[in-house]
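Note sheet for the following structure.
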Amino acid sequence: MPEFSHLPHMGKRMIKTSIAVFFCMLIYRILGYQGGTMPVEAAITAIICMQPFISDSRTFAFNRISGTLVGAFWGMLFLLLMFRFPVLGKHHVILYVFMAVGVLISVYSSVALRIPDASGLAAIVFMCIVARYPDIEDPILEVARRFLGVMIGTSVAIVVNVVRLPREKNEDTVFFVRGKDLTPNRFAQVPAGVLFHMNRLHEDGAKICIVLEHAPALFTMQMSSCQLSVPLIVMDGAAIFDISKNRYISVTNIEREKSEWIRKFFAERQIGFFSYAVINNRTCVYHSGEMNELEIEILKRLQRSPYRSYLNGEEQNDHEVVYYKVIEQEEELKKLQSELEPLLREQGLRSVLRDQASSPGISGLYIYSAEATVENARTLLMELLQVSFGMELKPMNIFSRSERYSEREASMVLRRLMHAYEPLIFKKYFRKGN
């Protein structure tokens, strides 16, 4: 069975392009023109003119029509010149030089007329007109036909592109998006395009939950200009944080006796560790045991950071801990995790091994309660949201298919999110179960 989930998304530009081609062919059929290259050239023009977005349809139409006029004008002059001096077209090399010069003049004229966006189409129109030389009987009629074909293709592309395809908004869906799919790491700047699209979706009514691996401090700074109507799932699912009210809604702590077991395990092996606790809606970080040079360096960095005002000393308090973290070379932590795994399962705990973005070659081993998972947090959040919004809601994951961040994957996640929130109406008939 093939994995259809890995196929690329069929975007609206693809669909609109195919619709434009259909109408070009249909118009020529209605006009009584069958066969030949004219309908095809109109369709090709429509394909080229189709753009993913139109911010100003008037400017778009003006550029396309003016480009057609410029190309048609120089194409007509080329044909008249060739018919007036047929000797110029006797040698193919000379003919091709004139065609190349015609393309140059068409592009230059567009730029000189301050319509640079129309320069490409002007060159295409020029070539469409002169391509059939010398198999042309009437230059004026040929230009008129080609001009008509290009105008049909251009006009159809403009109309199809401007007309909004029928869509439906999935306002009863909560979309879960991982923070690591939107930005390289928690220290990196969130791209402006991500913030723009997230805010647009929010204003349009989309319910989006960002799922984070870490505490929310850095991310709330990264996304300070982003509006979200749904709380965050943070700390690998151990907590739910309301970014609008700056408070934790739910926290799944490690039970005290299990915390004592973890501290004893680390103490016996002389392993230093960090512990994270939520106190009065603040994430407090403590350190226990002897600190190696790497941990000292990281702790100093945390204390200097304006994003981490929640650091509260190095002594372990009696507060319940959300998770424990050990920082070490990756190979050392893999050995430690291998030794810990069976013991953690017995204690009702789980571990996560993850690279440290701020320290290449260094990893962190995170220990949570077995109940602290993204799935459990999502279930709880959905229950809370259904009460809050007063409606039946359904969850949908919009995750990257790659575990490594890339701008391309981030763009794909945003596109999938936008199309999932506002899909074409006819697509609902192809959904599973319909």
Self-check item: Residue check, Val211 crowded, with 20+ Cβ neighbours inside 10 Å and farther than 25 Å from Gly237 by Cα
Solution: no
Quiz item: Name the residues in region 214-249 that are open to solvent by less than 30 Å² (accessible area, probe 1.4 Å) and within 24 Å of Glu392 (Cβ to Cβ), would you?
Solution: Leu228, Val230, Pro231, Leu232, Ile233, Gly237, Ile240, Asp242
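Pick from Leu340, Leu353, Leu333, Leu365: which is in contact (Cβ under 8 Å) with a residue 24 or more places away in the chain, more than 29 Å from Lys207 (Cβ to Cβ) and part of a strand (DSSP E or B)?
One residue alone meets the criteria, Leu365.
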Quiz item: Consider Glu137 against the criteria (1) open to solvent by 70 Å² or more (accessible area, probe 1.4 Å); (2) closer than 24 Å to Ile47 by Cα: it satisfies all of them except one. Which criterion is unmet?
Solution: (2)
Quiz item: Among the listed residues Phe241, Phe265, which satisfies the condition of being assigned to a strand (DSSP E or B), touching a helix residue (DSSP H, G or I) at 6+ places or on another chain (Cβ under 9 Å) and not aliphatic (A, V, I, L, M)?
Solution: Phe241
Quiz item: Which condition does Gln189 not pass, out of (1) surrounded by 20 or more Cβ atoms within 10 Å (Cβ to Cβ); (2) modelled with pLDDT under 85, if it passes all the others?
Solution: (1)
Exercise. Could you please let me know if Arg345 is modelled with pLDDT of 90 or more and either in a helix (DSSP H, G or I) or more than 33 Å from the chain's Cα centre (by Cα) (or both)?
Key: yes
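Within region 122-164, how many residues turn out to be of a type in the set (A, V, I, L, M, F, W, C), in contact with a Lys or Arg (Cβ under 6 Å, 6 or more places away or on another chain) and touching a residue at least 60 places away in the same chain (Cβ under 8 Å)? Even if it seems obvious, please write down each step before you answer.
Just the residues of region 122-164 that are of a type in the set (A, V, I, L, M, F, W, C), to begin with: 122-131, 136, 140-141, 143-144, 147-148, 150-152, 156-160, 162-163.
Then keep just the ones that are in contact with a Lys or Arg (Cβ under 6 Å, 6 or more places away or on another chain); that gives 128-129, 160.
Checking which are touching a residue at least 60 places away in the same chain (Cβ under 8 Å) leaves us with 128, 160.
Number of matching residues: 2.
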Quiz prompt | Out of Val190, Val230, Val160, sole residue that is more than 18 Å from the chain's Cα centre (by Cα) and in a loop (DSSP other than H, G, I, E, B) | solution = Val230
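Please work out which residue is most open to solvent (accessible area, probe 1.4 Å), limiting yourself to region 70-91 and to residues that are more than 14 Å from Phe126 (Cβ to Cβ) and touching a helix residue (DSSP H, G or I) at 6+ places or on another chain (Cβ under 7 Å).
Phe83
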Quiz prompt | Filter pass, Ile94 being aliphatic (A, V, I, L, M) and open to solvent by 70 Å² or more (accessible area, probe 1.4 Å) | solution = yes
Practice problem: For Glu392, state whether it is part of a loop (DSSP other than H, G, I, E, B) and either modelled with pLDDT of 80 or more or of a type in the set (A, V, I, L, M, F, W, C) (or both). | Solution: yes
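The values are calculated or read from the model by the stated rules, or taken from the named source; none is laboratory data. Computed from a predicted model, the values in this text were never measured in an experiment. Every residue, glycine among them, receives a Cβ derived from its backbone with ideal geometry; neighbour counts consider all protein chains shown. SASA here: full protein model, heavy atoms, side chains in, ligands and nucleic acids out. Shrake-Rupley method; radii C 1.70, N 1.55, O 1.52, S 1.80 Å.
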